[in-house]
Every structure is written in structure tokens, then in C-alpha cells.
Amino acid sequence: MEPTTGLILRRITQTDLSVSAHKLATLILDGIAWKDGYNGLPRGTAAFTLSSLAAKMGVSRQYLSVLLSELETSELKLEREKSNGKFAPWLFRFAAFDDGEQTHDLVSDGGDTSLSREESNKTIFTGQINIDGCSNVFRTCWAELIKAAKSALPCWNVDTQVIWERFLAFNRARGNSKVPAGFLLGFMRRWRTSPGEATRLPALPAPQPVQEPRERELHEQIKAAPSSNRQFHASDLCRVIGQAAYDARIAAVIRQFGCPRFTATLAVHGRAVLAGEISR
């Protein structure tokens, strides 16, 4: 059976994650497209920039990276990719819900009427577009659809009117007077920036949220040991202090901060780096 919002939400609540990772998974779930073409996204994916996710979570980009790593290594199997250029949003999907991987206890019983399946929540391009019609997109029914769909496409930072004018010019050059509305979505998906076109200025960094002293202390320890090197740090530290002492340090951090084992492991590695026991 195809996954639904309710099915994935149940899996999220049943997965052993930190509170922050649960919140992040729910935010990603909220943005998932359930029909191919919804907001220009492939089915089963959500699109976010890391800055917007960090702002929604109220955490730093550094800690967001830790939470994403936690979701990637969890049973949810979060995957992310960026296929539309350096400044485009990331695409997220929960690989645990690919066809054939759902477990019996999580299958929807048919009574799941997720709002994500309501037609009113989909951005669907239907009908015909008159190429020789109105040149002002905001006097047509297409402006809102373009604005909603472009957020996850290569033209995400291009003005809606510019997209419309280039689409009309593209079809006039080919002698088209009327085309299916789906052509507009396809045109946006294959968008190419013209030479000399102004590039998007980098956004100002988001203000960092105020953290409690204990949380700030934990984050400082984690920052000293990036999650991508955790296997090397673990083996290096075990050679220095032994496996038993290594496990005892992790247990002590869990008791001190009440955090999950994954976060505690990074903190232990960070402490060892700061103490000079292992190298960064």
C-alpha cells in the first residue's frame, strides 16, 4: 500500500530519536508531495533550504547537521540531494517507505484521510494555455501556480513574470498558439539561466537562537568533532583509553544531558579533541 502522512507519522513516533530529530522529521513530512507535480516536486519528496530548516527548528546550522545525520542513520533512512544548482533547495525523502519496504504494522487501514491527499492541497497544471493571450501573468490563472511550483525548481529565484514571458517567447518561436498547461511545468523544470543574468545575492545569516547553558555546552562539545569523522574518532579514542572507558564516557554524557546515544557519542569525541587525546 502507498505510504500516507499518517503512516509515516506513526513510524516517526515509533523510531528511537531525540526530541529535536522527531520535530525535524515532522517538519520534513509536512512538506512532502504526494502526487508527482505538486509544487514541482517528484512524488514522495520535500524541498527545503538548510537555512529555512534551521530557522523553523530554531537551531544553528551546525546542530541541524547533527540532527540530519541522526535521521539518515535511523530506521527512517532520510536521504537528501541537491540536483538544481548550488543555491537551490535540498530535496528530502524517507527511503524507508520505498515500495516493498513497508512493514505490516504500519500499513494504513483505509481510514487514514490525510489532508495531504486532498485535491485542494495540490498544485496541478491542467487545461490549455493560449500563447497569444494576456502578456501579464498576474491577470491570468497561472501566476499562483507558477509561484507555488517554482520553489523547488531551477527557476526558484526568478520573477514569476519573467518565467511567463520567456515561456510565451519560447512557444511563439516554435509557432505554437495553444499548448497543454503541463508544458509550462516542464518548461520550468528545464529552466536554464541566461548568460549575464544576475545571480542571487547570498542571504544574510539567520540570527542564532538563544540556548540554555547546558545545551550550549553540549553543542560546543559536538562542534569539536564533526559527525562525518565519528568512526575514525571512535577507533582512535578506543585505542587511547580502551573500549570499556569509551562506553563509560558515553553513558556519563547520556546521564548528564539526557541526550540520545548518537549525540552523546559526538560529544565524547568532541571532549577528546578539546583535551588533546585525539586529533580533529
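Can you say whether ARG166 is part of a helix (DSSP H, G or I), at pLDDT 75 or above and basic (Lys, Arg), as far as the supplied structure shows? Lay out the reasoning, then the answer.
Working: part of a helix (DSSP H, G or I): yes; at pLDDT 75 or above: yes; basic (Lys, Arg): yes.
When the stated conditions are applied, ARG166 passes them.
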Handout entry: Qualifying position, being surrounded by 13 or more Cβ atoms within 10 Å (Cβ to Cβ), of a type in the set (A, V, I, L, M, F, W, C) and at pLDDT 85 or above, among ALA148, ALA54, ALA88
Key = ALA54
Practice task
Determine the pairs where a residue that is touching a residue at least 60 places away in the same chain (Cβ under 8 Å), located within the stretch 55-72, has a partner that is surrounded by fewer than 16 Cβ atoms within 10 Å (Cβ to Cβ) and of a type outside the set (Lys, Arg) with Cβ atoms under 7 Å apart, the partner being 6 or more residues away or on another chain.
Solution key: ALA55/ALA206; GLY58/PRO209; VAL59/PRO209; SER60/GLN208
Practice task
Return the only residue of VAL158, VAL179 being on the phi < 0 side of the Ramachandran plot, in a loop (DSSP other than H, G, I, E, B), modelled with pLDDT of 70 or more and open to solvent by less than 50 Å² (accessible area, probe 1.4 Å).
Solution key: VAL158
Practice task
Check whether at least one residue in the stretch 23-45 is among the hydroxyl-bearing types (Ser, Thr, Tyr), modelled with pLDDT of 85 or more and within 15 Å of the chain's Cα centre (by Cα), and report yes or no.
Solution key: yes
Completion exercise
Taking first residues from the stretch 3-21 that are within 13 Å of LYS77 (Cα to Cα) and second residues anywhere that are part of a helix (DSSP H, G or I) and of a type in the set (S, T, N, Q), the pairs with Cβ under 7 Å that are 6 or more apart or on different chains are ILE12/THR26
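Of all residues in the stretch 242-260, count the ones that are loosely packed, with under 15 Cβ neighbours inside 10 Å and either part of a helix (DSSP H, G or I) or of a type in the set (A, V, I, L, M, F, W, C) (or both). Walk me through it before giving the result.
Filtering the stretch 242-260 down to residues loosely packed, with under 15 Cβ neighbours inside 10 Å leaves 242-245, 247-248, 251-252, 255-256, 258.
Right, trim to either part of a helix (DSSP H, G or I) or of a type in the set (A, V, I, L, M, F, W, C) (or both) and you get 243-245, 247-248, 251-252, 255-256.
Looking only at that region, the number is 9.
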Fill in the blank from the handout: Residues in the stretch 148-192 that are free of Cβ contacts under 8 Å to residues at least 24 places away in the same chain, over 25 Å from GLY31 (Cα atoms) and of a type in the set (S, T, N, Q) total 0
Fill in the blank from the handout: Going through the stretch 1-21 in order, the residues found to be over 12 Å from PHE97 (Cβ atoms), open to solvent by 50 Å² or more (accessible area, probe 1.4 Å) and not β-branched (Val, Ile, Thr) are GLN14, ASP16
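The values are calculated or read from the model by the stated rules, or taken from the named source; none is laboratory data. Owing to the predicted nature of the structure, the values given are computational and were not obtained by experimental measurement. Backbone-built Cβ (ideal geometry, glycine too); neighbour counts: all protein chains shown. These accessible areas exclude ligands, DNA and RNA; they are computed on the full protein's heavy atoms, side chains included. Shrake-Rupley method; radii C 1.70, N 1.55, O 1.52, S 1.80 Å.
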